[in-house]
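**Student:** Okay, handing you the structure first.
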Amino acid sequence: MVRKGSYFLDEPLMLKCKVPVAMTTKSPGQPPTGVDIDLREREPASKINFLAVVRPSREANVTALKPIVYLHGEPRIVWKEEEVDRMIVKENLEYAVIGKFSYGWPEIQELRKLIPKQCDLKGECNIGLLSNRHILIRASYLEDYVNLLSKPAFYILHHGWTYPMRTLKWEPMFDPEEETSTAMAWISFPSLPPNFFVKEAVFSLAVAVGKPL
C-alpha cells in the first residue's frame, strides 16, 4: 500500500529502472551496460492474511458437550452405559480400588510411597484423595487389583504407627457416606473335569455367583 498525498493506493507499485552492473561490459573501454529489473517479479506469489495467523483455529480442541434435558423443569444430563464405560477406560479406572482409613492416616504424599511397597504392588499405581477418610488407588495390573481386594485389610506402618486400611471395590456410583455392598470372594468348583479349566468355561460358571475377575 502506497500513500500519495492524502490517498492510499491499493494497487501494487510497478517501477522499472536500470541498475548498473560493474562486471558486465561488451568490450574494453565501453561503459558498463544496464540491466532492466521489473520490481513486479519481487512481489510475493501469495498474500498472507494476518488475521488467519493470529486467530486460533475454531476446529482445534473442540469438546463435544452433552445436551441438557429437562425433567419437571430441572436440568439433567444423561450418559449411556457404554459412554460411562469409555470414560472409565479413559481415566484408568478399570482396576480402581478404594482405600478406607477409620483411625487416622498418614499424609497423601506419604501414602503414595508406602502403599506400593507395603501392599506389594507389582505395577505402577496412581493414588489420590477422595474424602477425608477415603483414597482412590488406580492399579495398572489385574494382579495388583486382585491382591488389593483379596485381603480384608492392610496395615500401613509409618513412623512407628500402624494404620489399618480396608480396601473396597470402586464403582461409578460410589458414595463415601455409604458402605459398599460389593465384596470379593473366592469360589471353587470341586471335581471339575480338566477340559473345563479353560477361561471361557470357568468364567461362565462363575457368572452364576458374580462378576469374575
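The values are calculated or read from the model by the stated rules, or taken from the named source; none is laboratory data. From a predicted model like this one, the values you see are computed outputs, not experimental measurements. A quick note on method: Cβ atoms are made from the backbone with ideal geometry, for glycine too, and the neighbour counts reach across all protein chains shown.
**Student:** Determine if region 197-204 includes at least one residue that is over 23 Å from Val89 (Cβ atoms), at pLDDT below 95, out of contact with any strand residue (DSSP E or B) (no Cβ under 6 Å at 6 or more places or on another chain) and of a type in the set (D, E, K, R).
**Tutor:** no
**Student:** In a loop (DSSP other than H, G, I, E, B) and closer than 14 Å to Phe101 by Cα: does that describe Glu179?
**Tutor:** The answer is yes for Glu179.
**Student:** Does at least one position in region 152-168 carry a residue that is free of Cβ contacts under 8 Å to residues at least 24 places away in the same chain and either within 26 Å of Val89 (Cβ to Cβ) or within 27 Å of the chain's Cα centre (by Cα) (or both)?
**Tutor:** There is no residue in region 152-168 that is free of Cβ contacts under 8 Å to residues at least 24 places away in the same chain and either within 26 Å of Val89 (Cβ to Cβ) or within 27 Å of the chain's Cα centre (by Cα) (or both).
**Student:** So is Pro193 exposed (fewer than 14 other Cβ atoms within 10 Å of the Cβ) and closer than 22 Å to Ile88 by Cβ or not?
**Tutor:** no
**Student:** So, one more: Go through the residues of region 133-152 one by one and say whether even a single one is farther than 26 Å from Phe203 by Cα, exposed (fewer than 12 other Cβ atoms within 10 Å of the Cβ) and not aliphatic (A, V, I, L, M).
**Tutor:** Scanning region 133-152 turns up no residue that is farther than 26 Å from Phe203 by Cα, exposed (fewer than 12 other Cβ atoms within 10 Å of the Cβ) and not aliphatic (A, V, I, L, M).
**Student:** Which of (1) among the charged types (D, E, K, R); (2) over 19 Å from Trp105 (Cα atoms); (3) modelled with pLDDT of 85 or more is the odd one out, the single condition Arg138 does not satisfy?
**Tutor:** Going through the list (1) among the charged types (D, E, K, R); (2) over 19 Å from Trp105 (Cα atoms); (3) modelled with pLDDT of 85 or more, Arg138 breaks only (2).
**Student:** Filter region 164-190 down to residues that are surrounded by 12 or more Cβ atoms within 10 Å (Cβ to Cβ) and in contact with a helix residue (DSSP H, G or I) (Cβ under 9 Å, 6 or more places away or on another chain) and give me whichever is nearest to Arg133 (Cα to Cα).
**Tutor:** Ranking the qualifying residues of region 164-190, first place goes to Met165.
**Student:** Among the numbered conditions (1) in a strand (DSSP E or B); (2) in contact with a Pro (Cβ under 8 Å, 6 or more places away or on another chain); (3) not aliphatic (A, V, I, L, M), tell me where Lys100 comes up short.
**Tutor:** The single condition Lys100 does not satisfy is (2).
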